[in-house]
1. Go through 274-285, 339-350 and give me the packing order, highest mean Cβ count within 10 Å leading.
2. Sticking with the crude label model, points 7 Å out along Cα→Cβ, report the distance from Glu237 to Asp144 in nm, one decimal please.
3. Sorted by mean Cβ packing within 10 Å, highest first, what order do the peptides 52-63, 189-200, 361-372 take?
4. With a Förster radius of 25 Å, plug the Cβ-Cβ distance of Lys100 and Glu301 into 1/(1 + (r/R0)^6) and report the FRET value to the nearest 0.05.
5. Can you pull the one-decimal nm distance between simple spin-label points at Lys14 and Arg45, each 7 Å off the Cα toward Cβ?
6. Just report the Cα centroid separation between segment 310-350 and segment 85-138, whole Å.
7. Using a Förster radius of 35 Å, what is the FRET efficiency between Glu71 and Ala247 based on their Cβ-Cβ separation? Nearest 0.05, please.
8. What's the FRET efficiency of Asp351 with Tyr33 using the Cβ-Cβ distance as r and R₀ = 56 Å, to the nearest 0.05?
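Values quoted throughout were computed directly from the atomic coordinates according to the rules given, and no laboratory measurement underlies them. Keep in mind that this is a model prediction, so the values were computed, not measured. Here the Cβ positions follow ideal geometry from the backbone for every residue, glycine too, while neighbour counts run over all protein chains shown.
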Amino acid sequence: MMKTFSDLIQDVQKPGLCHRCGGCVTFCTAINYGALELNEKGRPRYADEAKCIQCGLCYSVCPEIDELDEETKNRLAWQPPIGRIIDTAILRATDSDILKKATDGGVVTALLLHLFNSGRIDGAIVTKPAGPFLREPFLAISEDDILEAAGFFFDTSQGMKNFSDYYLTCSQVREFEPLIQKGLQRVAFVGTPCQIRAVRRMQTLNIVPSDTLKIFLGLFCSGNFVFGKKQQQKLSEIGGFGIKDVAKINIKEDLIVHLNSGETKSIMLEELEFMKRFACYFCPDYAAEYADVSFGGIGAEKGWTTVITRTPAGRAIVADARSRKAVEAYPQGNARSLEREALIKVKLWSDKKRDAALKNRKTLGNKFPGIKQETE
Ligand SMILES: Cc1cc2nc3c(=O)[nH]c(=O)nc-3n(C[C@H](O)[C@H](O)[C@H](O)COP(=O)(O)OP(=O)(O)OC[C@H]3O[C@@H](n4cnc5c(N)ncnc54)[C@H](O)[C@@H]3O)c2cc1C
Ligand code: SF4
Ligand code: SF4
Ligand code: SF4
């Protein structure tokens, strides 16, 4: 019998593996009239089970189900250990306004703006800061929209309602609906590795609207965090700072907290295990292995981004942005050796994350035998 969303509830939601990519809901919406929806926290659920036509697409597309893995890997020429790599570079935006707002070197924003201003995309699915520790998915269709999404935002003035485990979590695929309504044809997608994976699988199935996404910019990801009141308290105790004094946060090998006073505090990522989202313990992808270009702060100095180009489309975009001076490379000299070192670090973190995911999945599999066991 065809597996449906009821099986996703059993095999993915109950074991705690749903990372709210929103893939199942988007697919269902594309072929159906509303059997599924996302609740206010980005969790998928039946909106009306009677409307389910049992097509099975929500099940196939879920990244926690292995049905489309091989095909997706082959399509993207994925190679072990961390996906295809054409080039590694350390880059930053040339525009000082972008640099001021950006998380690291502002390369994601600079590339998006370059693509937009040169007419190669007519929109981008990004996330914008929406409150303390909170981001929301957003279809950017102007230069200002793209800039608005850059970087990290930290403001504790809006009360407690936004302090939920929705922090840094969002289902960008929610933005597919406005994308269709606006009739956009060439759209870039920025997201964490799990989000990129979900949409790449949709492309493997060749279903609208994933075919309008022309470029995938992936962020390295060691994990996503639950930022409730308790977690904030503990975090500020570990780091020895007041939450209200935080100006900005970066994640590299450590969590780096920039305070309003100009001081910075480093907290080892291992110390943040207490606030990691449950599904992230089972995630094998650190380096956004299915993106066209992947980005992270690891291996790069403050104010620079480590950039891994993975596909010919990604290479063309980065090369063009470099030649048009939208982004610049780390000054020559020791640049090559820094790039090599950065790639070694990315591989190390990827190994560590994949090993932990494999181990955790084995343990969870004892209780929920239906869950996916990664092979690589
Ligand atoms: C949850 C998370 C964990 C990360 N963990 C690591 C890590 O362990 N090691 C590491 O080296 N780098 C990590 N990164 C990546 C790093 O923080 C930067 O995003 C990356 O270096 C790009 O910086 P930039 O200055 O070039 O990007 P910017 O120009 O600042 O642009 C950032 C882009 O990212 C998008 N974005 C921000 N937050 C989210 C989100 N939650 N979901 C989807 N899109 C988002 C924005 O829409 C924006 O377009 C992580 C990022 C996230 C979101
Ligand atoms: S209609 Fe298809 S995609 Fe929607 S819930 Fe049913 S099986 Fe899943
Ligand atoms: S497709 Fe994404 S949102 Fe849906 S069940 Fe799977 S992981 Fe969760
Ligand atoms: S650790 Fe994996 S599941 Fe968690 S946010 Fe990052 S990419 Fe997604």
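1. Numbers: 274-285: 19.5, 339-350: 17.8.
Top of the packing list down: 274-285, 339-350.
2. The answer from the label model is 4.4 nm.
3. Numbers: 52-63: 20.5, 189-200: 26.5, 361-372: 13.8.
Per-residue Cβ counts within 10 Å, averaged per peptide and sorted highest first, yield 189-200, 52-63, 361-372.
4. Values: r = 17 Å, r/R0 = 0.67.
For Lys100 and Glu301, the calculated efficiency is 0.90.
5. 1.8
6. One Cα centre to the other: 15 Å.
7. Values: r = 45 Å, r/R0 = 1.27.
Between Glu71 and Ala247 the formula returns 0.20.
8. Values: r = 45 Å, r/R0 = 0.80.
Result of the calculation: an efficiency of 0.80.
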